[in-house]
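Written out below as structure tokens is the structure these notes cover.
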Amino acid sequence: MALDPLVASRASNTARCKKYAAMAAQLADEGFNPAAVEKARDMFRFPPPNGTPQPRMYDDKPWELPFPAVRVLAVPIGCTDLAEHGAGLEIARLAMDAAAAVVAELPQGSEFYLQEKGTMHCTVFHPSSPHQPSPLDAAGLEQEMSVISALVGSLDGPMQLQVERIVMTPGGVMLLLLHDISEVEKMDPLREALPETVPHSPAKQVSVIIHASLLRLLRLPTLDAAALADVSNRVAAVCEKWTSQLKGRTLELGGLLFVSERRIIALDGEWQILNFGSAS
């Protein structure tokens, strides 16, 4: 399926194409980095009896933050309250099928975390992050949400995102990568305006790429160089195969989610839908 002409004509998407192509080549060129893979373990707990990884709560170590110290503005993928025509649900289903196909290529003894159903999302902006938290009282939270809602509402909807590819990074994160093909561009204008709108927000924010995490590799068994290269190449090939299944599929949404988060990477917390075109 061909990509929309806006991908080629819009400067922001042209920059993303170059970035995405470089990301796609990285795993085959460099292979998995086992040390980088293991760094992600800090975000999870491994409770008995089977040690299945679970995303940590923000009031747990290493953060020990009060609720709602971490807040995110996000694009949900597969959320029936916001996605129209079922496209988001279909993209979410196919993306998780792709993640399962990658798991099938991992060597015995690998540890991983599959994104939970219904929690797939693209981060637009963090008003407050675990690395630079800005705890607020109820009045402050209401004010923050109000100014963000007004900004989102000033943009005529809907938001349209189009899949470019699936990649796995050398650090073991499997990503769905997308472009903004909305008639009125939204992702970059929001990311540019929000730091001024929310002056207490962290300096470090997601930029350029639009991505959703599908799978996090948390540990690889000890492998020699040849075996590590082999699994890296097989996983890269699976990503290319599933890119051909997903590329060009479009997600359309009427708004974004503002989430006061309790747990990392899971959209677990209090949700508020902020609609495009709602400004009076």
- Which whole-Hz couplings ³J(HN,Hα) result when phi for each residue of segment 17-29 is put into the Karplus expression 6.51 cos²θ - 1.76 cosθ + 1.60, θ = phi - 60°, listed in order with x for Gly and Pro? 4, 5, 5, 5, 4, 5, 5, 5, 7, 5, 5, 5, 6
- The long-range amide H neighbours of His121, using H built 1.01 Å from N in the peptide plane and a cut-off of under 5 Å, are Ile77, Ser213
- Message: Using the Cα centre of the chain as origin and beta-carbon charges of +1 (Lys, Arg) and -1 (Asp, Glu), tell me which of Val152, Ala15, Val235 is placed farthest towards the positive end of the dipole.
- Response: Val235
- Query: Amide H to amide H, which residues 5 or more places from Trp63 or on other chains are under 5 Å from it, using H placed in the peptide plane?
  - Reply: none
- Whether the chain is rounded, prolate or oblate, judged on the alpha carbon gyration tensor where a/c under 1.5 counts as rounded: oblate
- Query: For segment 180-194, in order, what is each residue's ³J(HN,Hα) by Karplus, 6.51 cos²θ - 1.76 cosθ + 1.60 with θ = phi - 60°, in whole Hz (x at glycine and Pro)?
  - Reply: 8, 10, 4, 4, 9, 4, 10, 4, 5, x, 5, 5, 6, 7, 5
- Query: Which length gain, in nm to one decimal place, applies between Ser207 and Ala226 when the Cα-Cα distance is subtracted from 0.36 nm times their residue separation?
  - Reply: 3.3 nm
- Query: How much of Val184 can a 1.4 Å solvent probe reach, expressed as accessible area in Å² and rounded to 10?
  - Reply: 60 Å²
- Message: How large a share of the accessible area of segment 20-62, in percent, is made up of carbon and sulfur atoms when the probe is 1.4 Å and the other protein chains stay in place?
- Response: 50 percent
- segment 79-235, accessible area per residue, ligands and nucleic acids excluded (1.4 Å, Å²): 42 Å²
- Putting +1 on Lys and Arg Cβ atoms and -1 on Asp and Glu Cβ atoms, find which of Thr119, Val103, Leu175 reaches farthest to the positive end of the dipole of segment 33-190. Val103
- Message: At 1.4 Å probe size, with the rest of the protein present, what percent of the exposed accessible area of segment 132-196 is carbon and sulfur atoms?
- Response: 51 percent
- The ³J(HN,Hα) series, computed from each phi in segment 221-237 with the Karplus coefficients 6.51, -1.76 and 1.60 at θ = phi - 60°, rounded to the nearest Hz and given as x for glycine or proline, is x, 5, 10, 6, 4, 5, 5, 5, 4, 5, 5, 4, 5, 5, 5, 4, 5
- Task: Only Lys, Arg, Asp and Glu count, each charged at its Cβ (+1, +1, -1, -1), so figure out the dipole size of the chain about its Cα centre, rounded to 20 debye.
- Result: 560 debye
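The values are calculated or read from the model by the stated rules, or taken from the named source; none is laboratory data. Since this is a predicted model, take the numbers as computed values, not measurements. Please note: Cβ atoms are built from the backbone with ideal geometry, for glycine as well, and neighbour counts cover all protein chains shown. Remember, those area values only see protein heavy atoms, side chains included, never the ligands or the DNA or RNA. Shrake-Rupley method; radii C 1.70, N 1.55, O 1.52, S 1.80 Å.
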